[in-house]
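The values are calculated or read from the model by the stated rules, or taken from the named source; none is laboratory data. The structure presented is a predicted model; accordingly, all values stated were derived computationally and were not measured. Backbone-built Cβ (ideal geometry, glycine too); neighbour counts: all protein chains shown. For the accessible areas, the whole protein counts, side chains as well, though only heavy atoms, and no ligand, DNA or RNA atoms are used. Shrake-Rupley method; radii C 1.70, N 1.55, O 1.52, S 1.80 Å.
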Amino acid sequence: MLKIENLHVKLEDENREILKGLSLSVKPGEVHAIMGPNGSGKSTLSYVLAGRDGYEVTEGEAMFNGEDLLAMDPNTRAAKGVFLAFQYPIEIPGVATMQFLKVALNAQRKARGEKELSIPEFMRFVKDRAAKLNISQDMLKRPVNVGFSGGEKKRAEVLQMAVLEPSLCILDETDSGLDIDALKVVADGVNALRSPVRAMIVITHYQRLLDYIVPDFVHVLSAGKIVKSGGKELAHELEKNGYADYAEKVA
Amino acid sequence: MSIALQPTAAEQAFGMSLPHRRMEEWRWTDLRARLDKPYPSIDTAVDEKSVARIMAASPLAGIAKYRAVFVNGKFDATNSTIPALLPSVIPAQAGIHLSIKENRVQSDSRLRGNDDGVDDPLVVLNTSLKPEGVTLHFSSNITVLVEIMHIATNAAPRAVALRNHIEVAAGASATIIETFIGEGDYVLSSVTELELGEGARLDRIKLEWESAKANHLSQVVATLAKDARLNEFTLTSGAALNRQNGTYTFVGQNADAKISGAYLLNGKQHADTCLVVDHKVPHCTSRELFKCVMDDHARGIFQGKVIVRKHAQKTDGKQSSHALLLSETAEFDAKPELEIYADDVVCGHGATSGDINPDHLFYLRSRGIPEAEAKSLLIAAFVGEAFDNVENDDVRAALVNFAEDWLRQK
């Protein structure tokens, strides 16, 4: 599904390389965890895959279902099935969450040549998914993420994921700012979306999240490169020994 | 030292000197230089078909139950639907009294000058153009909407004027719409007086959708008695040149004025709103909120002065103006002023100006919303905060539709 080959990325504004030859291959149904210390390039990877401005790819490629992902607009990527759950979801004053979901879903359906959903169809579709994530009708009426608590923001991200039904979900530090109860709700929401046709990349600093979203593969990202890959047991090893071993390897 | 200036053609036609950029309140809107034609005050032959077409094109067409229509400054009885005027057609509506005046000037002593003893140039201009207008007197709780509509038809350049008087009696309430719409090259001068009695409530919505060549010059003079509530919203999107003055005076305690507006401007449009809110008595609240969108070479200006007189303790006055600039060449100027003589008040102002937040845009696009649609959504959300002050659902929906059309055609 996703094949990243020798990806080099630098910040447009400064001449600093963040990703230095990252390679990763993700197949449908797989859940990959990417762990790494602060500054290793985790968020850069998620933003580059989602198409945010400000990054320059100097070498390598990222193919998504055989197409050049990096050549697409962010909205085209979304319509093709890429979804980034933000570490810090953006507040959009004046745009109601429900309206936002409807516009986004219909824009994606339109881009894929599918019929737009009628309002009653859409309402049923969202209410059902919102209930499972413990998201109230009131929250759906409020502007996107405005005044939401940390936990509400992350739940809202998972709701968007559940409504937009992407084939590749990238979760950037979804555990940050969550207490254990909120983490469980979010993880349950994510687990409910696991499917043989859907892949996930779970980016995290801490092993804790991976107790709830159990990955098939764990990769250690350090100084812009994947320096070690393994099964879920690798996460526990990291929790015990920290990232020091890997930082030394690249130094 | 003053230099005697040769009167311009427009000044000769109006018989007065026009405000210019060396006057503080007019520094951004040099009326003397901008009105570069004579704009005579002449009667224009009216083509009924044009009137019907322009009326139908109004974004607020069909919403108000009762209308007083003026065409090129003259009352149009055919297209007006006001019960007191047309008793045989519509049964008289209890609580609305209306009169039409041909030359309204003599009655308006309240407009004769401000505290500095200087006549407001826009009122002087209006007077010189011998305006027609209506007096609407609301004496009970009126839930139907009443619209005062001015239509300019395409004709030779000329100046037309309107002077309306809205009175809401003690304890009464009403919603009025003022619509300005037209075609061609003209100067529209409008003065609206608002008089709110004790405990009166007035919702006023103004739509300025003049012709692209027009000059819209208006003045609102409002007085609020004890416990009165005024809720105003002005949408400014038409005319090449727009100058809207407003003076709001609290004369009774515990009154409340909410004054809001939105600009949707493009091309070389120029809109300048200049408001004075005068807290003469204690315990009154004023809120000003303007959301201004400027594209291309458009220029928006917001000048707002809040005066709190010495005895007006416990005044709560807030003012904010925010601009969204959609191009490098668009411009916004804000001049907030607080003049406070009382010592126990809460007053504040804020002004911001910026372009679309790239983080907002990326977030929407990352969910599959194409760039143009995402921008429209963000612009609509930006002005939406001001539109939210329109309480009538039909009017608000029609104005939102208008804004969406504007964004699509951009």
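Shown for the protein assembly as shown: the carbon plus sulfur share of the solvent-accessible area, taken with all protein chains present and a 1.4 angstrom probe, equals 49%.
I need the shape label for the stretch A:2-250. Rule: rounded when a/c is under 1.5, else prolate if a/b > b/c, else oblate, with a, b, c from the alpha carbon gyration tensor. The shape class here is prolate. Straight-line cross-link partners of A:LYS20 among the lysines, defined as a Cα under 24 Å from its Cα and at least 8 positions apart when in the same chain: A:LYS3, A:LYS10, A:LYS42, A:LYS225, A:LYS228, A:LYS249. About its Cα centre, the stretch B:220-353 has a charge dipole of approximately 360 debye under the convention of +1 per Lys or Arg Cβ and -1 per Asp or Glu Cβ, with nothing else charged. Residues of the stretch A:98-116 buried by at least 40 Å² of accessible area upon assembly of all protein chains, compared with the chain on its own (1.4 Å probe): A:PHE100, A:VAL103, A:ALA107. Which helices, counted as full DSSP H runs in chain A, have an axial Cα extent of no less than 15 Å and a Kyte-Doolittle average of 0.5 or above? Going by DSSP H runs, the hits are A:180-192. The stretch between B:ASP296 and B:LEU5, if pulled fully straight at 0.36 nm per residue, gains 101.4 nm over its current Cα-Cα span.
Toward the positive end of the charge dipole of chain B, with +1 on the Cβ of Lys and Arg and -1 on the Cβ of Asp and Glu, the farthest Cα among B:SER376, B:VAL69, B:ASN245 is that of B:VAL69.
Computed extension length for A:GLU12-A:ASP181: 56.9 nm, one decimal, from 0.36 nm per residue of separation with the Cα-Cα distance subtracted. For the protein assembly as shown, the normalised intensity computed at q = 0.05, 0.06, 0.11 Å⁻¹ comes to -0.32, -0.45, -1.04 (log10 of I(q)/I(0), Debye sum over alpha carbons, equal scatterers, no solvent).
Buried surface between chains A and B: roughly 1900 Å² of accessible area, summed over both sides, computed with a 1.4 Å probe on protein heavy atoms only.
Accessible surface computed residue by residue for chain B, with neighbouring protein chains in place and a 1.4 Å probe, gives 40 Å² per residue. Across peptide B:354-366, the mean count of Cβ atoms from other chains lying within 10 Å of each residue's own Cβ comes to 6. Dipole of the protein assembly as shown computed with +1 at Lys/Arg Cβ and -1 at Asp/Glu Cβ about the Cα centre; of B:HIS311, B:LEU60, A:VAL95, farthest Cα towards the positive end is B:LEU60. Computed about its Cα centre, the charge dipole of the stretch A:35-107 is approximately 360 debye, with only Lys, Arg, Asp and Glu carrying charge at their Cβ. Distance between the 7 Å Cα→Cβ label points at B:ARG21 and B:ALA77: 4.8 nm. Approximating the spin labels as points 7 Å out from Cα along Cα→Cβ, the A:GLU56-to-A:ASN241 distance works out to 3.8 nm.
For the stretch B:9-355, relative contact order (Cα pairs under 8 Å, six or more residues apart, normalised by length) works out to 10 percent. Using a probe of 1.4 angstrom and keeping all protein chains present, the accessible surface of chain A works out to 44 square angstrom per residue. Dipole magnitude for the stretch B:9-355: computed about the Cα centre from +1 point charges on Lys and Arg Cβ and -1 point charges on Asp and Glu Cβ, it is near 360 debye. Projecting label points 7 angstrom from Cα along Cα→Cβ for A:ALA111 and B:ASP36 puts them 4.6 nm apart.
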